[in-house]
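Accompanying notes for the structure given below.
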Amino acid sequence: MTGLAWVLWLLFAGFAVLDWYAVWRGRRALEAVAKPLAMVALTGVALAMGAGGSGPGRWLLVALVLCLAGDVALLSRTEPRFLAGLGAFLLGHVAYVAALRSLGEQSLTAALPGLAAVLLLVLVVGRPVLAATRRRGEPGLAGAVAAYMVVIGTMVVTAFGTTRPLVAAGALVFMASDAVLAFDRFVRPQRWAPLVVMVTYHLGQGLIVAGALR
């Protein structure tokens, strides 16, 4: 790994920690700067590690840019911005699936633990979240959340199928981040949830990049 890549990894870590602090302390102005800059730095990491020179790498860059767009949309807590962020992340997970599938042949045996994890999370978190969205009387929102669950679940199963431990761990942590966010927003808000969402989000993204471009 090049010296530039190491510098960008450090920048990513620094901006991520700064964002965690901003989220925990409620510093919205600081969060608005640190949150997108963390993903800009991680996109730089991917470029420095050669993502632009391969098919999987280019799909990975698309996924990171879409996640950056989702981050910016979710800086506002309004419903339209939430739906915009949901859409950006949904497309980002589609790009992640494309990137991970193009890494090589998928292992069905390796993918099975990922499928089990997805089904467990759907039962524990997905069902109450979908029930809560339906109670709002907004079928469009419930449909969007259900579609998102399907896509991120596919991403997790695909990540396990690569047989790359860092990629699988990153996808699982990423899914946990989204699960906490959904439960906090639709079922039962918790003061600690926003911090957990961002810590797991950054760790998940970082692990996927490191594992896919190793």
Check: Would a scan of the stretch 36-55 turn up a residue that is within 22 Å of Thr154 (Cα to Cα), exposed (fewer than 14 other Cβ atoms within 10 Å of the Cβ) and in contact (Cβ under 8 Å) with a residue 40 or more places away in the chain?
Finding: yes
Item checked: Only listed residue being touching a residue at least 40 places away in the same chain (Cβ under 8 Å), surrounded by fewer than 22 Cβ atoms within 10 Å (Cβ to Cβ) and not in a loop (DSSP other than H, G, I, E, B), chosen from Phe82, Phe89 -> Phe82
Note to self: Taking the criterion of being of a type in the set (A, V, I, L, M, F, W, C), over 27 Å from Leu42 (Cβ atoms), free of Cβ contacts under 8 Å to residues at least 40 places away in the same chain and out of contact with any Lys or Arg (no Cβ under 8 Å at 6 or more places or on another chain), would at least one residue in the stretch 171-185 satisfy it?
What the structure shows: no
Margin query: Quick test of your reading of the structure: Trp192 fulfils all but one of (1) surrounded by fewer than 19 Cβ atoms within 10 Å (Cβ to Cβ); (2) among the aromatic types (Phe, Trp, Tyr); (3) within 17 Å of the chain's Cα centre (by Cα). Name the failing condition by number.
Written below: (3)
Notebook entry, point to check: Mind checking whether some residue in the stretch 110-120 is within 15 Å of the chain's Cα centre (by Cα) and closer than 25 Å to Ala210 by Cα?
Noted result: yes
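Any read-out appearing in this document is the output of simple, stated calculations on the displayed coordinates, not a laboratory observation. Predicted model, so just to flag it, every value in this text is computed and none were measured. Backbone-built Cβ (ideal geometry, glycine too); neighbour counts: all protein chains shown.
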